[in-house]
Amino acid sequence: MIDRCVDRHDLIELFGRDRGAHVYALADLEEPCWSMSRWWRRGDAAVGEVRLPGVTDALVYAVSSADPDGTVALLADLADELPQRFVITGPTGLARRLSTRYDAAWSGHFVKMRWTDRSRLLEPDGRVLSLGADDITDISDLLSEQSDDAFFHAGLLDVGPFVGIRDDGRLVAVGGVHVMSREFGVAAIGNVFTARSMRGRGLARAVVSEICRRLVPVADVVALNVSVANASARYAYEQLGFAPIMEYDEAELSRRR
């Protein structure tokens, strides 16, 4: 039986068992996201059609540290409930495992990392500056070097710390916070990027160190996501005290008619 979950506290209890793995889910249980979204649960498997302010695409949250196989089965059973097309985060191999019900436009393999050793941050770097509304164009231009679909919108500047480094006035490194919940004491770092011409100089580590430092008073759980294939980024995060906690997939799926 699939239960349409209307009790927020049930999901808080489920995701609160492993806050590092479920930083995004816990943040999405706050308003205004909670009222905009739909959730289903079967045992320890939970799936959410999450709607975010300022984001038009349908997002489906299906990350599971408790029951990944049950979550994939729940996704298959929800085919008629979920949108025709959506971007999803969920258990590894989800595109292949759901191939009888969905077609995948793309998929990727990622790892969630949690900040576990706070003694390994770099000393404060005076080059790292706070960024705000006046820097939106520069941030967007820099992130576009990485990917046309980098997850950035102006509202993220109000979520949590957003910082960068300039070289002769040009923004060459950036990083911010994707989600933060003071209620649950969690935050996820995102949009960490260094201009290709400036890589190998420790700029990303300086940026992430400053973000972590600013998050200490508000979040006892700080996490981030990184592509499994991005060995250099993973190594840099490990040097700052981040440790891998689970792997997962992202994909864009379309339901077969």
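We did not get these values from a lab; they are worked out from the coordinates using the rules stated. Computed from a prediction, not measured in an experiment: that's the story for all the values here. Ideal geometry is used to build each Cβ from the backbone, glycine not excepted, and the neighbour counts take in all protein chains shown.
Residues TYR61, TYR24, TYR235, arranged from fewest to most other Cβ atoms within 10 angstrom of their Cβ, appear as TYR235, TYR61, TYR24.
Note on the chain: with a GNM built from Cα contacts shorter than 10 Å, the maximum mean-square fluctuation among LEU78, LEU215, LEU14 falls on LEU78.
Rank these for me by crowding, ARG257, ARG41, going from fewest to most other beta carbons within 10 Å.
Neighbour counts put them in this order, fewest first: ARG257, ARG41.
Using a cutoff of 8 angstrom between alpha carbon atoms and counting only pairs six or more residues apart, the relative contact order for the chain works out to 26 percent.
How high is the relative contact order of region 176-216, given as a whole-number percent (alpha carbon pairs under 8 Å, six or more residues apart)?
The normalised contact order for region 176-216 reaches 33 percent.
Take the Cα of THR92, go 7 Å toward its beta carbon, and none of the backbone nitrogen atoms of region 24-50 fall under 16 Å from that spot.
For region 82-232, the relative contact order works out to 26 percent when only alpha carbon pairs closer than 8 Å and six or more residues apart are counted. Dimensions of region 1-62 from C-alpha coordinates, computed as largest minus smallest value along each principal axis and given longest first, are 31, 27, 17 Å. In the chain, the DSSP-assigned H stretches of four residues or longer account for a calculated mean residue ellipticity at 222 nm of -6500 deg cm²/dmol, using -39500 (n - 2.57) per stretch and the full residue count as denominator. Electrostatic tally near VAL72: other residues with Cβ closer than 14 Å to its Cβ, Lys and Arg +1, Asp and Glu -1, net -1. Going by neighbour counts of Cβ atoms within 10 Å, the residues ASP249, ASP7 line up, fewest first, as ASP7, ASP249.
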